[in-house]
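Working notes for the structure below.
What follows is calculated from the coordinates using simple rules that are stated; it is not laboratory data. The structure displayed is predicted, hence computed values, not measured ones. Cβ sites come from the backbone with ideal geometry, for glycine too, and all protein chains shown count toward neighbours.
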Ligand SMILES: Cc1cc2nc3c(=O)[nH]c(=O)nc-3n(C[C@H](O)[C@H](O)[C@H](O)COP(=O)(O)OP(=O)(O)OC[C@H]3O[C@@H](n4cnc5c(N)ncnc54)[C@H](O)[C@@H]3O)c2cc1C
């Protein structure tokens, strides 16, 4: 592995937990991608990214259902995507998320990655668009829960480029591949290879080698790879097999 500061580190085994495309085609320069891998990365759809508006309010909303999906009086433009409903979650189930009497709220909406990528080139317009969306979402919540806007203490807006910047995931995808039910069931049965042809002692884990990727499957793929390595070295695997 070569780090950003130029230092090099050698290891018996290397496991990449980063974005699949960046690992295969950027870090490894596409040298270990066969036709099947190229077809997958060229052809399979990826899960769309999102705009997430996170709001801290000085109001206890724990009596609400944990998730509410409600229609809007007027649609909100979330940057390249018009939304006529909002999906609101509160996180009151976790007392660590807000002080007593307060609540942490999130609103998710599918978003257009290309729109945000283009906007990001102009920092002032990008920031203004995030502000507008934050204000429109708070105003919509205020209509649904009168007086809520006055209780808002903090608003943060994350966009598809925020997810791309923090995680390096292709197009800011939030859970890897976006497969239809049939294809997903097929691929989950078949599994996706965690190794690359011609590259020994190298493994990939995470949402790009686990169709229907999520936290649990991504973590489990790490455990699976350790089991594979143990088997290869005739070592006992002390974890629980899937
Ligand atoms: C807003 C949001 C909400 C979600 N909610 C849920 C949920 O409720 N339940 C659920 O199960 N899943 C949820 N998911 C999906 C879940 O978070 C992902 O599927 C999961 O985190 C993927 O794990 P991963 O380890 O494959 O990749 P990631 O979590 O994306 O981790 C990749 C890591 O690699 C690092 N990295 C990338 N490139 C490099 C590099 N070149 N060098 C060094 N490090 C690098 C990144 O910084 C990052 O830390 C959500 C995702 C999002 C974005």
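More than 21 angstrom separation, counting every C-alpha pair in segment 1-113; what % is that?
Tail fraction, whole percent: 62.
Build a GNM of the chain with springs between Cα atoms under 10 Å: which of 203, 163, 32 gets the top mean-square fluctuation?
Maximum among the listed residues: 32.
Measuring from centroid to centroid over Cα atoms, what is the spacing of segment 164-194 and segment 199-242 in Å?
Their Cα centres are 16 Å away from one another.
Please compute the length gained on full extension between residue 97 and residue 9, using 0.36 nm multiplied by the number of residues separating them and subtracting their Cα-Cα distance.
27.8 nm
Nearest 10 degrees, 0 to 90: what angle lies between the long axis of helix 215-232 and the longest principal axis of the chain (Cα atoms)?
10 degrees
For q = 0.09, 0.11 Å⁻¹, what log10 I(q)/I(0) does the chain give under the Debye formula with an equal point scatterer on each alpha carbon and no solvent?
Debye curve over Cα of the chain, log10 I(q)/I(0) at q = 0.09, 0.11 Å⁻¹: -0.52, -0.74.
Looking at segment 122-242 from every direction and averaging, what is the projected area of its Cα convex hull in nm²?
12.6 nm²
If we count other beta carbons within 10 Å of each Cβ, what is the order of 93, 186, 25, fewest first?
Ranking 93, 186, 25 by Cβ neighbours within 10 Å, fewest first, gives 93, 186, 25.
Return 208, 170 ranked ascending by Cβ neighbour count within 10 Å, so the fewest neighbours appear first.
Fewest to most other Cβ atoms nearby, the residues stand as 170, 208.
If the convex hull of the alpha-carbon atoms of segment 50-167 is projected onto planes in all directions, what is the mean projected area in square nanometres?
For segment 50-167, the mean projected area of the Cα convex hull comes to 7.4 nm².
For the chain, set up a GNM with springs between Cα atoms under 10 Å and report which of 124, 220, 98 has the largest fluctuation.
The residue with the greatest mean-square fluctuation here is 124.
Using the count of nearby Cβ atoms within 10 Å as a rough guide to exposure, how do 73, 131, 19 rank from fewest to most?
73, 131, 19
Quick one: angle between helix 181-190 and the longest Cα principal axis of the chain, in degrees between 0 and 90, rounded to 10, please.
For helix 181-190, the angle is close to 30 degrees.
What value in Å³ per residue do you get for the convex hull of the alpha-carbon atoms in segment 1-59?
In segment 1-59, the Cα hull volume divided by residue count equals 189 Å³.
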